[in-house]
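Laboratory data are not the source of any read-out in this text; all were calculated from the coordinates shown. Predicted model, so just to flag it, every value in this text is computed and none were measured. Glycine also receives a Cβ, built like all others from the backbone with ideal geometry; neighbour counts cover every protein chain displayed.
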Number of protein chains: 2
Amino acid sequence: MRWARIDLNGTPSYAVVEGETVIPVRGSPFEAWERTPQRLKLAETKLLVPVIPPTFYAAGMNYADHVREVAEKVGQQPNLPTQADIGYRTNNALIAQGEQIVIPADATDQVQYEGELVVVIGRKCKHLTRENALSAVLGYTIGNDVSERTWQKSDRTLWRAKNTDTFKPMGPWIETDVKLEDLVTKIRLNDKEVFQFPTNHMIFGVIDYLVNMTTCLTLYPGDMVWMGTEGATLNMKHGDTIAIEITGIGTLSNPVVREGM
Amino acid sequence: MRWARIDLNGTPSYAVVEGETVIPVRGSPFEAWERTPQRLKLAETKLLVPVIPPTFYAAGMNYADHVREVAEKVGQQPNLPTQADIGYRTNNALIAQGEQIVIPADATDQVQYEGELVVVIGRKCKHLTRENALSAVLGYTIGNDVSERTWQKSDRTLWRAKNTDTFKPMGPWIETDVKLEDLVTKIRLNDKEVFQFPTNHMIFGVIDYLVNMTTCLTLYPGDMVWMGTEGATLNMKHGDTIAIEITGIGTLSNPVVREGM
């Protein structure tokens, strides 16, 4: 089942996507809901960010080759994480499928994509176990953890490297029927595939993170966890289009512009 | 003017506090509002966390003596920040005036308070200047940035050191009439004053942070910025009460319990 959040005559509304048809609902996937009689065409529907989370979690360094690549870029020794310590991103930076990634005028040319699986939490939960952790997940979507690598190296926190406005494209929708082990992430820069990797080949998997996080904290409906990316990444420049596909979920595609050009 | 958020017959409501009287409003301080005819007694009113922010910002290392103290505790060289790089905390950890700080059973005895000024943003804004930055502020409240120092030392991120459930007491209300240079922060552990400091003696002040942050990101109504703490901090244990007063704003007081005791 595919949950989209759409612009319905100027108001955000949840909707079920079935093929090329969009069916608005009353309510939301996080509570009671029912289909309305309306039927929209997907191609004519404005998709919004599929959820605005109470808290925006991000795993960060969670694929071995990417840890080595980033360490090399920022001039440090690679340091594989030994426990599932979660990090954070911020809502101001979220944009939807099709919206523009805006590179600030003072950024360098080292602005890069990171294609990521996004876990969307469906219910309030704490002290999850390995057995019941996935039952707390509503579904999965796709995130692009856009990063300015010189700021990532120079700043004490990741605030502008990762959380500049428009640096967190997410969508196109939340897919509830997913077999994690079957997923493949494919990155296309200007329609050319530049990298692919098995999405679930993480250092710490979805269950590892959810179990560890909920030892200390309560997760709420709509919270989301970005699971990190693999491999090397390339610069994006004004006029590019960056697309992240995760097989079985969909494709998140965004044009890139530079401020002032 | 004092803005509280209260439990009004089971529903959160904003209210104006005048002396010992609480006046519920329709609407909120972030949009249109009007007073209702109701009058409640402050002593009989349940105060809630005064705002649930879209994004929870925190300055972290922002007072010189505290930077030196923490560096010593975690066994690193003190490293005074050279730019106003903002960090983050999370909403799951927020509790209100009077609510219990719960130390997890697996925490060490190194669980410590940090008394902080909290800046609450009143309007959507970007590219603030030194001249107009404070006009984006609705008002100020008080935060206690509770921290488990061994986790702060061992983990790759601050997730459980700082963001364990109940580790972010905040309140009691938002005060709009504040002269930053006049504020004094006073910490009382079990009614004994253990430390005080001039609140505004920050490495980077409120204006510095707001101007720098909004070069890259949009702030939204209800976003908040915790401004850091000064000096050494002490352990809190089961049965303690920790109170943070900021003169002219109020006092945030919370009992401490340890899980399983």
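State whether the protein assembly as shown is rounded, prolate or oblate according to the following rule on the C-alpha gyration tensor (a ≥ b ≥ c being the square roots of its eigenvalues): a/c under 1.5 gives rounded; otherwise a/b larger than b/c gives prolate, and the remaining case gives oblate. Cα axes put the protein assembly as shown in the prolate bin. Across chain B, the mean sequence separation of Cα contacts (distance under 8 Å, 6 or more residues apart), normalised by length, yields a relative contact order of 26 percent. For B:VAL184, the point set 7 Å out from Cα toward Cβ sits 6.9 nm from its twins in the other copies, listed from shortest up.
Each of A:ALA243, A:PRO53, A:ASN212 was scored by the projection of its Cα onto the charge dipole of chain A, and the greatest displacement toward the positive side belongs to A:PRO53; charges sit on the C-beta of Lys, Arg, Asp and Glu. Equivalent-ellipsoid semi-axes for the stretch A:49-258 (Cα gyration tensor, √(5λ), whole Å, largest first): 25, 19, 16.
In a simple Cβ point-charge model (Lys, Arg +1; Asp, Glu -1; nothing else charged), the protein assembly as shown has a dipole of about 540 debye relative to its Cα centre. Between copies, A:GLY27 shows label-point distances of 3.3 nm, shortest first, with the point placed 7 angstrom from Cα along Cα to C-beta. Computing FRET efficiency as 1/(1 + (r/R0)^6) for A:ARG123 and B:ALA232, where r is the C-beta to C-beta distance and R0 is 30 Å, gives about 0.15.
Quote the charge dipole size of chain A about the Cα centre in Debye, to the nearest 20; the model charges only the Cβ of Lys and Arg (+1) and of Asp and Glu (-1).
Details: 26 positive and 32 negative charges, 97 e Å.
Charge dipole, chain A, about its Cα centre: 460 debye, nearest 20.
Counting only the backbone N, which residues of the stretch A:165-193 are under 18 Å from the spot 7 Å out from the Cα of A:SER135 toward its beta-carbon? Label zone hits: A:177-178. Measuring from the axis that maps chain B onto chain A, the chain B residue with the nearest beta carbon and its rounded distance in angstrom come out as B:TYR88, 2. Expressed in Å, the radius of gyration and Dmax of the Cα atoms of the stretch B:1-48 are 9.6, 27. Inter-copy label distances at A:ARG123, shortest first and taken from points set 7 Å along Cα to Cβ: 4.4 nm. Only Lys, Arg, Asp and Glu carry charge here, each on its Cβ (+1 for the first two, -1 for the last two); on that basis the stretch A:1-47 has a dipole of about 40 debye about its Cα centre. Nearest 0.05, what FRET efficiency do A:ALA32 and B:THR241 give at R0 = 45 Å with Cβ-Cβ as r? Once rounded, the FRET efficiency stands at 0.65.
Tell me the mean residue ellipticity at 222 nm calculated for chain B from its helices only (DSSP H runs of n ≥ 4, each -39500 (n - 2.57), averaged over every residue, nearest 500).
Numbers: 4 runs with 33 residues, N = 261.
Taking each H run of at least 4 residues, the total per residue is -3500 deg cm²/dmol.
Think of chain B as having a plus end and a minus end, set by charges on the Cβ of Lys, Arg, Asp and Glu; of B:THR21, B:ASN9, B:SER154, B:ASN9 sits farthest toward the positive end of this dipole.
With R₀ set to 56 Å, the beta-carbon distance separating B:LYS41 from A:LYS179 gives a calculated FRET efficiency near 0.45.
The stretch B:113-144 and the stretch B:158-213 have Cα centres spaced 12 Å apart. Each label point was placed 7 Å from the Cα along the Cα-to-Cβ direction; for B:LYS153 and A:GLU20 their separation is 6.3 nm. In the stretch A:77-192, a dipole from Cβ-located charges (positive for Lys and Arg, negative for Asp and Glu) runs towards its positive end, and of A:TYR113, A:CYS125, A:ILE103 it is A:CYS125 whose Cα lies farthest in that direction.
Exposure proxy ranking for A:TRP3, B:TRP33, based on other Cβ atoms within 10 angstrom of each Cβ and starting from the fewest, stands as B:TRP33, A:TRP3.
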